[in-house]
Amino acid sequence: MLLKTERLNIRHVVADDWKSIRDIWIDFNSSDYAQYDTPHITENANVQARIAKWAAANSGTEHMFFAICLDETVIGYIAFNIRENGYEIGYCFHSAYHGKGYAKESMRALFDYLRTLDITNFSAGTALNNTPSVKLLTSLGFKLVAQEKVSFYKDADGNDIVFNGGIFEYGR
């Protein structure tokens, strides 16, 4: 375990986490918010390979993937990927654990930890219609700095389904 908060254990993602992360993605793919993110492929071999890459990437600080655990159960993950002016963060939690403050608690702990590594600038993108994600980011001190039109899916006629995405920054 890397970090312990009042309720959570936070550690690096390991290859054996693939089943838990697959279940999180299956859950996410059935949510109303799935339309605002790239599709998550949930076929076993694909997930196994992707999570093995995540685990291998954790040896440095260019890409960091953290499992958020309630006791030993992986309830979500948070990823940090280096960009030109800091780290872009991504996160996903199983819906059974939404609305309980776990994402905020784990992100605060990770921001504190990353400050010890002199990592202080973060960005995140989310659909402006994804109210829970926007609320989480703003409650953590992120500021909306830009908006963009985004599309991950097409309608029945092959036209892009476009939504308004927000780019949020923290620490700048």
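Here, each number is a calculation from the coordinates, and none is a lab measurement. It should be emphasised that the depicted structure is a prediction, and the values quoted were computed from it without experimental measurement. Cβ atoms come from the backbone with ideal geometry, glycine included; neighbour counts cover every protein chain shown.
Data overview
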quantity	calculated
Selected from F66, F111, N44, residue furthest toward positive end of dipole (the chain; charges at beta carbon)	F111
Proximal lysine pairs, the chain, alpha carbons under 14 Å, eight or more residues apart or interchain	4
Label-point separation, N46 to D32 (7 Å along Cα→Cβ), nm	2.6 nm
Amide H contacts of F142 (H built 1.01 Å from N, under 5 Å, at least 5 apart or other chain)	none
Separation of the L70 and K143 label points, Cα + 7 Å toward Cβ, nm	3.5 nm
Exposure proxy ranking, count of Cβ atoms within 10 Å, fewest first, for S133, S31	S31, S133
Cα-centred dipole magnitude for the chain, charges only on beta-carbon of K, R (+1) and D, E (-1), debye, nearest 20	420 debye
Sites matching trypsin sites (Lys or Arg not before Pro) across the range 1-73 that sit in DSSP coil, with at most 10 neighbouring C-beta atoms within 10 Å	none
Extension gain (nm, one decimal) between D16 and Y153, 0.36 nm per residue minus Cα-Cα	46.3 nm
Karplus 3J(HN,Hα) series, Hz, for the range 96-101 with 6.51 cos²θ - 1.76 cosθ + 1.60 (x for Gly, Pro)	5, 10, 6, x, 10, x
Förster radius 25 Å - calculated FRET efficiency between R115 and L2 (Cβ-Cβ, nearest 0.05)	0.95
For the range 3-124: Kirkwood Rh in Å [reciprocal of mean 1/r, alpha carbons]	14.8 Å
Value of relative contact order over the chain, rounded to a whole percent, pairs C-alpha under 8 Å and six or more apart	20 percent
